[in-house]
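Enquirer: A single structure is presented below for examination.
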Amino acid sequence: MKIAFVGKGGSGKTTLSSLFIRHLAAAGAPVVAIDADINQHLGPALGLDESEAAALPAMGDRLPLIKDHLRGSNPRITSAETMIKTTPPGTGSRLVRVGGPDAIHDACARPVRLDQGTVRLMVTGPFTDADLGVACYHSKTGAVELFLNHLVDGPGEYVVVDMTAGSDSFASGMFTRFDMTFLVAEPTRKGVSVYRQYKEYARDYGVTLKVVGNKVQGPDDVEFLRAEVGDDLLVTVGHSDWVRAMEKGRPPRFGLLEDGNVRALGELRAAADATYRQRDWERYTRQMVDFHLRNARSWGNERTGTDLAAQVDPGFVLGESVAAPV
């Protein structure tokens, strides 16, 4: 199950994604959490101190390793250097499962112990001064997209991605990699503006989108969100003393989270689980290939000096029938 949390900056998407991750871990589910935001805050939201968060291995810095591992013995990929963020898997590619074991998880994932369970955390890495003027942030998140393209996950396994803020996710095909996208929106006009953008862009790609109303203070806020987003509104969340303590670096035991918020997290999981039963691996693979061909034509062929369309294995469909790493 691949799940994304999106929303405008300051909406609370990182806080809510961290609560959802804790909720899944407390239930004993295997979880890989990925911080794909330009502002790397998921680690601290899961209880790491600043030095621990800063020491996490960045996926963006390990892109050659990631490419080399995923390439495997795929004869359509002449070298790891010719792989781009959208390169799809094919016969001979190494596929990965949630949590590994594999070289990518060994290099990039670190266990984070919560008071109820343990998750594995991966991060794209921060945008540094050295990147200014010579790189865009998508050169970092490309490592996440390539990883997701080669990931085969089953029911009851979860990959939760805290995405970059706003509608910037649409600069790549990564927004189609998820079974469920939770858009966190405050009950304001600015709060729902990203929802409208996401809804419009995602309309033609079968993206399952549900809104989580955050910072809701009363019935009027609920009515506002319902009027703006309609049936896409799944749950609302209000003030939380538990969250306030967490943001101060002193979270109580997760078992003390308010009952209303526990119920909301349960509804998020139920909604996400329901989408897995509707997964269409053929469409998923087809969308992956479509975005790869677009990137090949627009910049990839020129940058690599290779016809990247040749990387597409026309008979290959990603799915659990090919789930074993090779």
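Enquirer: Taking every eigenvalue of the Cα gyration tensor of the range 1-107, multiplying by 5 and rooting it, what semi-axes result, largest first, whole Å?
Expert: 29, 16, 14
Enquirer: Follow-up. Equivalent ellipsoid semi-axes for the range 1-54, as square roots of 5 times the alpha carbon gyration tensor eigenvalues: give them largest first, rounded to whole Å. All intermediate terms of the calculation are to be shown ahead of the outcome.
Expert: Values: eigenvalues 63, 45, 19 Å².
Calculated on Cα positions only, the semi-axes equal 18, 15, 10 Å.
Enquirer: Still on this structure, I have one more. Test of understanding: express the Cα radius of gyration of the chain as a ratio to 2.2 N^0.38 Å, with N the residue count.
Expert: Values: Rg = 19.3 Å, N = 326, 2.2 N^0.38 = 19.8 Å.
Against the compact-globule rule of thumb, the ratio is 0.97.
Enquirer: Cut-off 10 angstrom, C-alpha nodes, Gaussian network model of the chain. Which of Phe147, Phe254, Phe178 fluctuates the most?
Expert: Taking springs between Cα atoms under 10 Å, the residue moving most is Phe254.
Enquirer: Counting only protein heavy atoms and using a 1.4 Å probe, what share of the accessible area of the chain belongs to carbon plus sulfur, as a whole percent?
Expert: Working: 6940 of 14090 Å².
Accessible surface attributable to carbon and sulfur in the chain totals 49 percent.
Enquirer: Over the chain, what is the relative contact order in percent, taking alpha-carbon pairs closer than 8 angstrom and at least six residues apart?
Expert: Working: 577 pairs, mean separation 88.1, N = 326.
Computed over the chain, the figure is 27 percent.
Enquirer: A further question on this structure: log₁₀ I(q)/I(0) of the range 183-326 at q = 0.11, 0.13, 0.15, 0.22 Å⁻¹, via Debye over equal Cα point scatterers, no solvent, to two decimals?
Expert: -0.67, -0.83, -0.94, -1.31
Enquirer: What nm value, rounded to one decimal, do you get for the distance between Leu256 and Glu223 when each label is placed 7 Å out toward the C-beta?
Expert: Taking the two extended label points, one gets 3.6 nm.
Enquirer: Quick check for you: with a 1.4 Å probe and neighbouring chains kept, what is the accessible area per residue of the chain, in Å²? Walk me through the intermediate numbers first.
Expert: Values: 14090 Å² over 326 residues.
With the other protein chains kept in place, the chain gives 43 Å² per residue.
Enquirer: Once each part is reduced to its C-alpha centroid, what is the distance from the range 1-23 to the range 196-210 in angstrom?
Expert: So the separation of the two Cα centres works out to 17 Å.
The values are calculated or read from the model by the stated rules, or taken from the named source; none is laboratory data. Just so it is clear, the model here is predicted, and its values are computed rather than measured. Here Cβ is always computed from backbone atoms with ideal geometry, including for glycine, and neighbour counts include all displayed protein chains. For accessibility, only protein heavy atoms count, side chains too; no ligands or nucleic acids. Shrake-Rupley method; radii C 1.70, N 1.55, O 1.52, S 1.80 Å.
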